[in-house]
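The structure appears right after this line, and notes come after that.
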Amino acid sequence: MRIVTERIEIRHRFSPLVERMDREGDNLAIQRLNFTPITFAAPDTHCAEALMLLDGTGTTRQNLITNAGVGDNSNATETIDYYLGRFCYGRLLKWDITLDGESIVRISSQDRQFGPNETETPPQNFAFPRFAWLRRDGEDMILESAESRGRMILSSRAIALLGDLSETPEDEVTRAFGAALWRFGFLEDASATESPARKTWQFHDKLIHEMSRFNFDDTTPGATYRFKDVMPSPPALKPDMLGTPIQLPEIDVGKIGQNSASLHDIMDRRISGRDYGTSILSLADLASFLYRVARTDKVNPDPSQDTLSRPFPSGGSIHELEFYVAVRQCEGLTPGLYHYQGQNHRLLHLPDSETASQQMHMISAACMGQTDSPADTLIVITSRLPRIAWKYETISYRTSLLNAGVALQTMYLVATDMGLQGCANGLGDSRLFEAATGLDTFEETAITEFALSAAS
């Protein structure tokens, strides 16, 4: 099928960061806004003049080659491709997909390796990638992919063409548009066979992995304090919720040290304990467990953001994690949901939470294959994500999950040392927790659970 390339074109142009390009003797000098110039060995006169067409609205690769080939330059194609590749690596280019000369897609690079593949023939049939997504950002509609290091801003006309793009588009304009998207890695060959390893990755897994690593050049991961001048940091200590405070038994720290086994022994004996027997978890054991795992030793004032000292490490010592106890049975406690306040070693019994606690235990028991014998208590770990996102950009949720993993290991070790039955859960219902507590999911949400019971 013939592709009407004069209607759909890929236009290369300099990034707005490029102020101008000059030929200085044997060099091309690209002046960049607020950066030092970049110099390249100069091509011949015709090629240098052709590259000047990248200024303004830009031009197509074929037009660059045609202009560079004046004077019977047999190396024009190789030369133009060389410089386009160098400019891509320098993050000096942006691109437009045009329809009848009008830009319908604006494309920017997020990585030095990104650029269009204009030398290979597009496939006959297209497929939308599993790891791509379309979203709104302000007034723009953005097309991104976890496998492509570029970002596309789509016009309404482009969105309409995207909707018309079937595996085998009959309309030549639509097909040419699909070929352009394919050249940037935003469509796949529908006939290609997916590898077994790739099949194992789900969309959200790939998305979180790619977007929370140092995988994109234009992201600024890490401690940027991006909200420092926008809003105050969420407090280090979570404000009291509505509920009935229950002071937990005082902990004899010296006795804990005397009775604890060696770390090697504890790690050697650690298992996921699901053998609950007939004993019921005592309030004293629950209090000791929470104290050893989740107490707050002190608040550390800091001009940037107050931090906390707790028994387990946390990225930046922010300690955005909170601990709740869903009680099914525990000596001295009414069934229901409790918030552990580590700064004063007490529980806050949340009102009207018994039904929610029962439902949480049903999910936990099913997760562990223990439907006939739920755990005594379920420790729900939540994340106050705005607190960690106030400091860390792109990696806040990932860091919270890593922190939760460290907390779970701490819980396993303490439970083993105390002779309790403990088991991390792979699943949980965040929305059930939010409904029970009335908390805004964007303020605080449950991210993992740990079943805790008396010894068998």
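Considering region 40-58, the residues that are aliphatic (A, V, I, L, M) and assigned to a helix (DSSP H, G or I) include one that is farthest from residue 157 (Cα to Cα), namely 48.
Restricting the search to region 300-335, which residues are charged (D, E, K, R) and assigned to a strand (DSSP E or B)? Within region 300-335, 322, 331 meet the criteria. Condition (residue is over 30 Å from residue 223 (Cα atoms) and assigned to a loop (DSSP other than H, G, I, E, B)) applied to region 400-414: is it met by at least one residue? No; the residues of region 400-414 include none that is over 30 Å from residue 223 (Cα atoms) and assigned to a loop (DSSP other than H, G, I, E, B).
Looking only at region 59-72, residues that are farther than 25 Å from residue 108 by Cβ and not in a helix (DSSP H, G or I) come to 4 in all.
Of all residues in region 420-456, those being crowded, with 17+ Cβ neighbours inside 10 Å and assigned to a loop (DSSP other than H, G, I, E, B) number 6. For region 195-211, check the following and say yes or no: at least one residue is on the phi > 0 side of the Ramachandran plot, in contact (Cβ under 8 Å) with a residue 24 or more places away in the chain and surrounded by 12 or more Cβ atoms within 10 Å (Cβ to Cβ). Scanning region 195-211, I find no residue that is on the phi > 0 side of the Ramachandran plot, in contact (Cβ under 8 Å) with a residue 24 or more places away in the chain and surrounded by 12 or more Cβ atoms within 10 Å (Cβ to Cβ), so the answer is no.
Restricting attention to region 303-319, does a residue exist that is surrounded by fewer than 23 Cβ atoms within 10 Å (Cβ to Cβ), of a type in the set (Val, Ile, Thr) and either within 33 Å of the chain's Cα centre (by Cα) or farther than 20 Å from residue 433 by Cα (or both)? Yes, region 303-319 has at least one match. Condition first: assigned to a loop (DSSP other than H, G, I, E, B), polar (S, T, N, Q) and not assigned by TED's automatic domain parsing to the domain that holds residue 120. Can you find one or more residues in region 225-248 that meet it? Yes, there is a match, as at least one residue in region 225-248 is assigned to a loop (DSSP other than H, G, I, E, B), polar (S, T, N, Q) and not assigned by TED's automatic domain parsing to the domain that holds residue 120. Note on region 42-62: among residues that are surrounded by fewer than 20 Cβ atoms within 10 Å (Cβ to Cβ) and under 40 Å from the mean Cα position of the chain (by Cα), the one that is farthest from residue 184 (Cα to Cα) is 52. Looking only at region 281-299, residues that are in contact (Cβ under 8 Å) with a residue 24 or more places away in the chain, surrounded by fewer than 20 Cβ atoms within 10 Å (Cβ to Cβ) and not in a loop (DSSP other than H, G, I, E, B) come to 4 in all. Under the condition of being farther than 14 Å from residue 446 by Cα and either basic (Lys, Arg) or assigned to a strand (DSSP E or B) (or both), the residues counted in region 349-389 number 3.
The rows are residues; the columns are (1) under 24 Å from residue 175 (Cβ atoms); (2) among the aromatic types (Phe, Trp, Tyr); (3) out of contact with any Gly (no Cβ under 6 Å at 6 or more places or on another chain); (4) in a strand (DSSP E or B).
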{"site": "74", "(1), (2), (3), (4)": "no, no, yes, no"}
{"site": "78", "(1), (2), (3), (4)": "no, no, yes, no"}
{"site": "81", "(1), (2), (3), (4)": "no, no, yes, no"}
{"site": "85", "(1), (2), (3), (4)": "no, no, yes, no"}
{"site": "104", "(1), (2), (3), (4)": "yes, no, yes, yes"}
{"site": "107", "(1), (2), (3), (4)": "yes, no, no, yes"}
{"site": "114", "(1), (2), (3), (4)": "yes, yes, no, no"}
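Is one or more of the residues making up region 31-54 within 22 Å of residue 75 (Cβ to Cβ) and among the basic types (Lys, Arg)? Among the residues of region 31-54, not one is within 22 Å of residue 75 (Cβ to Cβ) and among the basic types (Lys, Arg), which makes the answer no.
Yes/no matrix, rows are residues, columns are (1) surrounded by fewer than 19 Cβ atoms within 10 Å (Cβ to Cβ); (2) modelled with pLDDT of 95 or more:
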position	(1), (2)
365	no, no
379	no, yes
383	no, yes
396	no, no
402	yes, yes
411	no, yes
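Taken over region 378-397, the residue count meeting the criterion of being in contact (Cβ under 8 Å) with a residue 60 or more places away in the chain and over 17 Å from residue 430 (Cα atoms) is 9.
Residue 309 falls short of the stated requirement of being hydroxyl-bearing (Ser, Thr, Tyr) and either at pLDDT below 95 or closer than 21 Å to residue 389 by Cβ (or both).
The values are calculated or read from the model by the stated rules, or taken from the named source; none is laboratory data. Everything numeric here is computed off the predicted structure, so don't read it as measured data. When we count neighbours, we look across all protein chains shown, and the Cβ atoms used for this are built from the backbone with ideal geometry, even at glycine.
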